[in-house]
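Here is the structure we will look at.
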Amino acid sequence: MEWTEEGVLLGSRSHGEAAVIVTLLTAGHGRHAGFVHGGASSGQRSLWQPGNRLRVAWRGRVAEQLGTFRGELVTAHAARVLDDPLALAGLAAACATLDAALPEREPHPALFEGMTALLGALGHEGWPSVYVHLELGLLQELGFGLDLQQCAATGVRDELLYVSPRTGRAVSRAAGEPYRDKLLALPPFLAARQVGTVQEWLQGLELTGYFLERHVFWPHNKPLPPARQRFIEALQRFSTTDSG
Amino acid sequence: MNGPEIVRMIQLLAKLPGLGPRSARRAALHLLKKREAVLRPLAQALEQAADAIRTCTVCGNFDSVDPCTVCRDERRDSTTICVVEDVADLWAMERGHVFSGRYHVLGGTLSALDGVGPEDLNIDSLVARVRGGGVREVILATNATVDGQTTAHYVADRLAAFADVKLSRLAHGLPVGGEIDHLDDGTLSAAFKARRAV
């Protein structure tokens, strides 16, 4: 069995002295793990860094095997953001969340495109909004998509301010006012398809975090990845030092 | 074929870095052949090390005294602390004679995959050292990896409250003897970012 495809490295774990076991997100093979001979060696360590886009060749005797990867670098996203604390935190959070949430070997080409978009946007203005959209896409791909385009109660498409924590559907100002304490905030940038502000990104992360925890992580008795929480904390610090 | 003592010896040797079962057998055979010259002194040295070596409560280094020799050395610059991931990094810097200040060993890096969080690293003790006063600069010498730099940024955030303490990190870029056409894109990119006037 053998295939070649481009993928984004989600995680890398040491195995023995010089080898690593990596997981990649590919368009055609989904989240796929593999063994890399010499992946922790000085010559290859920079290649197998989370966020890097690689062209990999997977080989295994049978499809069920862990198999081995060989790879070459396409884009060194990790090196590009090493000096940017917020972007690095975002990259680590995205990799950790996808790695923990996605089932193995189940193709999700839309998520691969979303991750590619995020990696390309990292460090540019408004990139955290792309991160929030990636997590919305993750929920969608896993079957728990949110309906943020029209009010669940009245059907209107304007003044959508809330999201029902039970159904994941948007609720308008008028319909949600009596229950505002029980509803989640819908940040305006999601409804209006704008870039948004730091506070709105934090609201967006709270929204996606709620549904990720409820539908994806809690059923598997797993917490949300700590790297995601560190990204939120970095964004909160960023909001106090910069208006975004 | 071999007695249980030899089998156990080979099994334990095979756990050492750089040794597999085959090389462990070779090492065991060599030790047994050189029983008086190598095996007994080695066994004594290992026993003494197991009894005497401890982790420095100040910096996390290994030494037979606590605080360690580096922390006790009055000639070293106590106003500068170099933060490293592992004792191996500390030893590498000492081998190179590149730094004459004090160290702090974190004991690893934050790692999403391995579930290593801030509470698993010696970060609180670093903050306490800085809070104790007398520190003018903290050099973050973690690896140029995603985990290493994520840890460095986290430590920098924890130390940001100490306004009078300068925070710096090691440069990234061209290695000595490195040829540009053999460098990976990431290193080249870092080298361009860190360029300076000549």
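The values are calculated or read from the model by the stated rules, or taken from the named source; none is laboratory data. Predicted model, so just to flag it, every value in this text is computed and none were measured. Using ideal geometry, Cβ is built from the backbone for each residue, glycine included, and neighbour counts are taken over all protein chains shown. Ligands, DNA and RNA are stripped out before the accessible areas are found, and what is left, the full protein with its side chains, is counted by its heavy atoms. Shrake-Rupley method; radii C 1.70, N 1.55, O 1.52, S 1.80 Å.
Do we find that B:Asp124 is under 30 Å from A:Pro223 (Cα atoms), at pLDDT 95 or above and within 14 Å of another protein chain (Cβ to nearest Cβ) in this structure? No: the conditions fail for B:Asp124. Taking region B:160-198 as the range and being in a helix (DSSP H, G or I) and either touching a strand residue (DSSP E or B) at 6+ places or on another chain (Cβ under 6 Å) or closer than 18 Å to A:Arg45 by Cβ (or both) as the test, the residues that pass are B:His182, B:Asp185, B:Gly186, B:Thr187, B:Leu188, B:Ser189, B:Ala190, B:Ala191.
Of all residues in region A:50-78, those satisfying the criterion of being touching an Asp or Glu at 6+ places or on another chain (Cβ under 9 Å) and either outside any loop (DSSP other than H, G, I, E, B) or within 14 Å of chain B (Cβ to nearest Cβ) (or both) are A:Pro50, A:Arg53, A:Leu54, A:Arg55, A:Val56, A:Ala57, A:Trp58, A:Arg59, A:Leu73, A:Val74, A:Thr75, A:Ala76. The set of residues in region B:32-58 being under 27 Å from B:Gly107 (Cβ atoms) and part of a helix (DSSP H, G or I) consists of B:Ala45, B:Leu46, B:Glu47, B:Gln48, B:Ala49, B:Ala50, B:Asp51, B:Ala52.
Scanning for something within 14 Å of chain B (Cβ to nearest Cβ) and at pLDDT 95 or above, does region A:199-219 turn up at least one residue? Within region A:199-219, one or more residues are within 14 Å of chain B (Cβ to nearest Cβ) and at pLDDT 95 or above.
Screening B:Val176 on (1) open to solvent by 30 Å² or more (accessible area, probe 1.4 Å); (2) within 17 Å of A:Asp83 (Cα to Cα); (3) more than 9 Å from every other protein chain (Cβ to nearest Cβ) shows it passes everything except condition (2).
Of all residue pairs spaced 6 or more apart or on separate chains, those with beta-carbon atoms under 6 Å, a first member in region A:13-31 that is away from chain B (no Cβ under 13 Å) and a second member that is open to solvent by 40 Å² or more (accessible area, probe 1.4 Å) and part of a loop (DSSP other than H, G, I, E, B) are A:Gly28/A:Pro107; A:Gly30/A:Arg105; A:Gly30/A:Glu106; A:Gly30/A:Pro107. Scanning region A:142-184 for residues that are of a type in the set (Gly, Ala, Ser) and within 27 Å of the chain's Cα centre (by Cα) yields a total of 6.
Residues in region A:79-110 that are free of Cβ contacts under 8 Å to residues at least 40 places away in the same chain and either surrounded by fewer than 21 Cβ atoms within 10 Å (Cβ to Cβ) or over 14 Å from the mean Cα position of the chain (by Cα) (or both): A:Ala79, A:Leu82, A:Asp83, A:Asp84, A:Ala110.
Residues of region B:127-141 include none that is facing another protein chain (nearest Cβ under 9 Å) and open to solvent by 20 Å² or more (accessible area, probe 1.4 Å). Does B:Arg102 qualify as being surrounded by fewer than 18 Cβ atoms within 10 Å (Cβ to Cβ) and of a type in the set (Lys, Arg)? Against the criterion (surrounded by fewer than 18 Cβ atoms within 10 Å (Cβ to Cβ) and of a type in the set (Lys, Arg)), B:Arg102 does not qualify. When restricted to residues that are touching an Asp or Glu at 6+ places or on another chain (Cβ under 8 Å) and under 17 Å from B:Ala88 (Cβ atoms), region B:128-146 contains 3. Against the definition (among the β-branched types (Val, Ile, Thr) and modelled with pLDDT under 95), how does B:Thr145 come out, yes or no? So B:Thr145 passes the test. In region B:142-158, the qualifying residues are those that are part of a loop (DSSP other than H, G, I, E, B) and of a type outside the set (Val, Ile, Thr), and the one that is nearest to the other protein chains (Cβ to nearest Cβ) is B:Ala144.
Sort out which residues of region B:85-121 are away from every other protein chain (no Cβ under 14 Å) and β-branched (Val, Ile, Thr), and write them in order of number. Of everything in region B:85-121, those that are away from every other protein chain (no Cβ under 14 Å) and β-branched (Val, Ile, Thr) turn out to be B:Val87, B:Val98, B:Val105. In this structure, B:Leu29 does satisfy being hydrophobic (A, V, I, L, M, F, W, C), assigned to a helix (DSSP H, G or I) and open to solvent by 50 Å² or more (accessible area, probe 1.4 Å).
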